[in-house]
Amino acid sequence: MLVWALWLPTGKDVLLVYSESPTWHEYMTTQILPLLQGRGVILNWSERKKWSRWSLGVAVFHHFGGAGDFNPLVVFFQPLRLAKIYRFWSPFKDWKRGNKEPVERLTQELLASL
């Protein structure tokens, strides 16, 4: 509810969490980040020691990220609807083995929501 009250009225409707992993860093920074820039909160997992423990973005990440498959992650918020969660961890495991289709499909699903 805090996201609806504090983020959505200011145009923030997305939480993106990614890291410096060589597996996905380039894709996330060139394909996903430009789509979401200015639309929400962006957290770099590799810089998590610098995160404020009192940040709403960090609290939202801990709530929606869960204990696994949370990096990279996009959470999309809409008024009075459940958040849509896009977990890129498993698709990028396929990417690492040469199968790009799961990442591209999830990206298309994300684009359709925006």
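The values are calculated or read from the model by the stated rules, or taken from the named source; none is laboratory data. On a predicted model such as this, the values are computed, not experimentally measured, just so you know. Positions of Cβ are backbone-derived with ideal geometry, glycine not excepted, and every protein chain shown enters the neighbour counts. The protein model used for the area step is the full one, side chains on, heavy atoms only, and it has no ligands, DNA or RNA in it. Shrake-Rupley method; radii C 1.70, N 1.55, O 1.52, S 1.80 Å.
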Subject >> Scope the range 37-56; condition under 10 Å from L16 (Cβ atoms) and of a type outside the set (A, V, I, L, M); matching residues >> reply: Q37, R39, G40, N44
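Are any residues in the range 75-104 touching a strand residue (DSSP E or B) at 6+ places or on another chain (Cβ under 9 Å), outside any strand (DSSP E or B) and open to solvent by less than 60 Å² (accessible area, probe 1.4 Å), and if so, which ones?
Pass one, the range 75-104, residues touching a strand residue (DSSP E or B) at 6+ places or on another chain (Cβ under 9 Å): 75-78, 83-89.
Going one step further and asking which of them are outside any strand (DSSP E or B), we end up with 77-78, 83, 88-89.
Listed by number, the residues that qualify are F77, Q78, A83, F88.
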**OP:** Tell me which residues, restricted to the range 7-54, are within 18 Å of F70 (Cα to Cα) and small (G, A, S).
**Re:** S19, S21, G40, S46
Subject >> Pair list, Cβ < 8 Å and 6+ apart or interchain, from the range 80-98 residues that are within 18 Å of H63 (Cβ to Cβ) to residues that are of a type in the set (A, V, I, L, M, F, W, C) and open to solvent by 60 Å² or more (accessible area, probe 1.4 Å) >> reply: L80/W4
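Could you please let me know if A83 is of a type in the set (A, V, I, L, M, F, W, C), touching a helix residue (DSSP H, G or I) at 6+ places or on another chain (Cβ under 8 Å) and within 20 Å of L43 (Cα to Cα)?
Numbers: of a type in the set (A, V, I, L, M, F, W, C): yes; touching a helix residue (DSSP H, G or I) at 6+ places or on another chain (Cβ under 8 Å): yes; within 20 Å of L43 (Cα to Cα): yes.
Answer is yes for this residue.
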Original post:
In the range 15-64, what residues are in a helix (DSSP H, G or I) and open to solvent by 70 Å² or more (accessible area, probe 1.4 Å)?
Top reply: E26, T30, Q31, P34, E47, R48, K49, K50, H62, H63
**OP:** Scan the range 1-12 and report the pairs whose first residue is within 15 Å of V58 (Cα to Cα) and whose second residue is open to solvent by 60 Å² or more (accessible area, probe 1.4 Å) and outside any helix (DSSP H, G or I), with Cβ atoms within less than 7 Å and a gap of 6+ or a chain change.
**Re:** K12/R39
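When the residues of the range 1-14 are narrowed to those that are aliphatic (A, V, I, L, M) and more than 13 Å from the chain's Cα centre (by Cα), which ends up least open to solvent (accessible area, probe 1.4 Å)? Steps first, please.
Step one: filter the range 1-14 for residues aliphatic (A, V, I, L, M), giving 1-3, 5-6, 8, 14.
Now restrict to residues that are more than 13 Å from the chain's Cα centre (by Cα): 1-3, 5-6, 8.
Numbers: M1: 179, L2: 106, V3: 13, A5: 64, L6: 97, L8: 37 Å².
Of everything passing the filter in the range 1-14, V3 is least open to solvent (accessible area, probe 1.4 Å).
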